[in-house]
1. Just the residues that are in a strand (DSSP E or B) and either away from the ligand (no atom under 13 Å from the Cβ) or out of contact with any Gly (no Cβ under 8 Å at 6 or more places or on another chain) (or both), please, taken from region 217-271.
2. Could you say whether any residue in region 32-48 is in a helix (DSSP H, G or I), assigned by TED's automatic domain parsing to the domain that holds Pro98, touching a residue at least 24 places away in the same chain (Cβ under 8 Å) and away from the ligand (no atom under 16 Å from the Cβ)?
3. Would you check if Gly178 is over 19 Å from Leu4 (Cα atoms), within 16 Å of the ligand (Cβ to nearest atom) and either crowded, with 23+ Cβ neighbours inside 10 Å or more than 17 Å from the chain's Cα centre (by Cα) (or both)?
4. Sort out which residues of region 132-172 are small (Gly, Ala, Ser) and buried (at least 24 other Cβ atoms within 10 Å of the Cβ), and write them in order of number.
5. Can you confirm whether Gln2 is touching a residue at least 12 places away in the same chain (Cβ under 8 Å), outside the structural domain of Gly126 (by TED's automatic domain parsing), of a type outside the set (A, V, I, L, M, F, W, C) and surrounded by fewer than 23 Cβ atoms within 10 Å (Cβ to Cβ)?
6. Take the residues in region 52-102 that are in contact (Cβ under 8 Å) with a residue 60 or more places away in the chain and among the charged types (D, E, K, R); name whichever of them is nearest to Leu138 (Cα to Cα).
7. Only one residue in Gln76, Gln116 is within 18 Å of Leu4 (Cβ to Cβ) and surrounded by fewer than 16 Cβ atoms within 10 Å (Cβ to Cβ), so which one is that?
8. Yes or no: Ser149 closer than 19 Å to Glu16 by Cβ and more than 16 Å from the ligand (Cβ to nearest atom)?
Amino acid sequence: MQHLLGIEDLDREQIERILARAEGLAEVGRRDIKKVPTLRGRTVVNLFLEPSTRTLSSFELAAKRLSADVVSIKAQGSSVEKGESLKDTVATLTAYDPAAIVIRSAQAGASRLVAQWTDASVINAGDGKHEHPSQALLDVYTLRRHFDSLDGRKIWIVGDVAHSRVARSCALAFGKVGAEVTLCGPPTLLPREIDRALGCETADSLEGIEQADVIYALRMQKERMSQSLIPSLREYAAEYQIDSRRLLPRQLLMHPGPVNRGVELSSEVIDSPQSLITEQVESGLFVRMAILYELLAGKGSDDSEPVSEPPRIGQPA
Ligand code: NCD
């Protein structure tokens, strides 16, 4: 595998391999010295042209824990603000001979373009409303900690499906590992034919959500809406908010963050024991280490020390 551009490109076997690798790397996170030399001497560039807290911090930390040199660039404060094109920005960063470029962009398809302009492995950290594959992989990993298998599990993804790259990647990934996915939201936020495109069911109300094993809420993507697609956030919340009346005790709750408290989720369910939101963030680190490992290790890296071997005390990582 050279790039990770979308779940659409992966088969179940590739997904399982990354998740198995993440489990091995989670063990590194339990050591005193949480670092392995796998990517020593390699460079990872994070190019984030849209805001991010979790994805950027976890890719940065993941690369550092694998001993790579890391450079993180955000649109604000970079030459992108001065009007430099994506192609010129990538050419500039490619001059450092990076092993990987992790890119987040508002443009659907941006990561696929970048992959044509550089020899580095390209990881899509979110391209507009298209895909966010590392999020979907960390979500499958998180659910696997609670269910032996996702085969036949019912997962409802609720909210602004139309503008959500997370909805697309998660629907594809959950489906590929055997779950039954329902995409739910107001009709204006539920694209026609999406059920056929992603191989899942759709629902325009919460009726039937009591059958779900997992409820996955989405953030309202106001930044991607050119017109008002819901009457008001208050009315949206009345129909679609997951609150303690709607979340049954046996159901698990997920959200990719950041959450609009009081819109898609009520405060009490965010902070309930059924909420996996913090666990998702924790999984993100191990899964992103696994993605970097999968794409880069073995391609000229120092891969001589297996991750299961604890580093010797006093030895620099
Ligand atoms: C998501 C994103 O950026 O697509 N956030 C994330 O990566 N954790 C979801 C969102 O912003 O709503």
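The values are calculated or read from the model by the stated rules, or taken from the named source; none is laboratory data. It should be emphasised that the depicted structure is a prediction, and the values quoted were computed from it without experimental measurement. Please note: Cβ atoms are built from the backbone with ideal geometry, for glycine as well, and neighbour counts cover all protein chains shown.
1. Residues satisfying the conditions are Ile242, Leu252, Leu253, Met254, Arg261, Leu265.
2. So far as region 32-48 goes, no, none of its residues is in a helix (DSSP H, G or I), assigned by TED's automatic domain parsing to the domain that holds Pro98, touching a residue at least 24 places away in the same chain (Cβ under 8 Å) and away from the ligand (no atom under 16 Å from the Cβ).
3. Taking the combined requirement at face value, the residue does not satisfy it.
4. The answer is Ser134, Ala136, Gly159, Ser164, Ala167, Ser169, Ala171.
5. When the stated conditions are applied, Gln2 passes them.
6. Arg54
7. Working: Gln76 fails: within 18 Å of Leu4 (Cβ to Cβ).
Testing whether each residue is within 18 Å of Leu4 (Cβ to Cβ) and surrounded by fewer than 16 Cβ atoms within 10 Å (Cβ to Cβ) leaves just Gln116.
8. Working: closer than 19 Å to Glu16 by Cβ: yes; more than 16 Å from the ligand (Cβ to nearest atom): yes.
It is true that Ser149 is closer than 19 Å to Glu16 by Cβ and more than 16 Å from the ligand (Cβ to nearest atom).
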